[in-house]
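J.: Shown below is the structure under consideration.
Nothing in this text is a laboratory measurement; each read-out follows from the coordinates by a stated rule. What you see is a predicted model; the values in this text were computed from it and never measured. For neighbour counting, all protein chains shown are included, and Cβ atoms are generated from backbone atoms with ideal geometry for every residue, glycine included.
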Amino acid sequence: MKLEPWLLYALLSAIAASLIPIFGKVGMKDIDSNLATTVRSVIMTIFLLGVCSVMRLWPKVITIDRKSLGMIALAGVAGATSWLFYFRAIQLGSVSQVAPIDKLSMPFGVLLAVMLLGDRPTLVNWAGVVLIVAGGYLASMPRG
């Protein structure tokens, strides 16, 4: 069975993302969640600057058109907002309850893609979305 490149990267993304709340929860003990998110973002920026430097991508910056730059900027603001809320949530609650709710971004993303981008999921795809919503609810239910 051949592993598609997009699937490999998606799985690697999921594995890396699964470490974020663990490291974040441990690292935020007695630290304001907004400060922790900002420090994380600075470190991320330095790391990504290094990646772009190693890959020699800087000359391509001037080829980014205004619309693309605007959309990338909005994605950055959405991501930063998401992380501010996420770090505060894991600071206040348990990772095993916050993480499933955070993953509801997938059904929201599918709905937005249908409405804004014209994506057309199949009935099986919609069933998966419904199962993710149900799983997020069940996984985040209070203990006891």
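J.: Work out, step by step, the length gained on full extension between Phe85 and Ala73: first 0.36 nm times the residue separation, then minus their alpha carbon distance; give nm to one decimal. It would help to have the intermediate numbers written out before the result.
T.: On the way: separation 12, 0.36 × 12 = 4.32 nm, distance 1.86 nm.
Length gained between Phe85 and Ala73: 2.5 nm.
J.: Additional query: Round to a whole angstrom and tell me the spacing of the C-alpha centers of the range 11-33 and the range 112-135.
T.: 27 Å
J.: Also, quick follow-up: Can you list the DSSP H helices in the chain whose Cα atoms extend at least 27 Å along the helix axis and whose mean Kyte-Doolittle hydropathy is 0.5 or higher? List each step's numbers first, then the result.
T.: Working: long enough: 5-27 (33 Å, 1.52); 33-54 (31 Å, 1.51); 66-92 (39 Å, 0.84).
Result, helices passing both filters: 5-27, 33-54, 66-92.
J.: Per 5 Å bin from zero, what fraction in whole % of the C-alpha pairs of the range 103-144 is there, up to the bin with the longest pair?
T.: 6, 23, 25, 21, 11, 7, 4, 2, 1
J.: Given the Cα-Cα distance of Val51 and Asp65 and 0.36 nm per residue of separation, how much length would full extension add, in nm? Can you show the working numbers first?
T.: Details: separation 14, 0.36 × 14 = 5.04 nm, distance 2.16 nm.
This chain segment gains 2.9 nm when fully extended.
J.: Here's something else I'd like to know. Does the chain classify as rounded, prolate or oblate by the C-alpha gyration tensor (a ≥ b ≥ c root eigenvalues; a/c under 1.5 gives rounded; else a/b over b/c gives prolate, otherwise oblate)? Show your work: numbers first, answer last.
T.: Values: a/c = 1.74, a/b = 1.10, b/c = 1.58.
Verdict is oblate for the chain.
J.: Please compute the length gained on full extension between Lys2 and Ile101, using 0.36 nm multiplied by the number of residues separating them and subtracting their Cα-Cα distance. Numbers along the way, then the final one.
T.: On the way: separation 99, 0.36 × 99 = 35.64 nm, distance 3.18 nm.
Roughly 32.5 nm would be gained on extension.
J.: Further, regarding this structure: Which longest uninterrupted range of the chain lacks any trypsin sites (Lys or Arg not before Pro) assigned by DSSP to a loop state (not H, G, I, E or B) and surrounded by at most 10 other Cβ atoms within 10 Å? Walk me through the numbers on the way to the answer.
T.: Details: sites that count: Lys2, Lys29, Arg56, Arg143.
Looking at the chain, 57-142 is the longest stretch - no exposed trypsin sites (Lys or Arg not before Pro) with at most 10 other Cβ atoms within 10 Å.
J.: Sort Met55, Met28, Met1 so that the residue with the fewest other Cβ atoms within 10 Å of its own Cβ comes first and the one with the most comes last.
T.: Numbers: Met55 9, Met28 19, Met1 3.
Neighbour counts put them in this order, fewest first: Met1, Met55, Met28.
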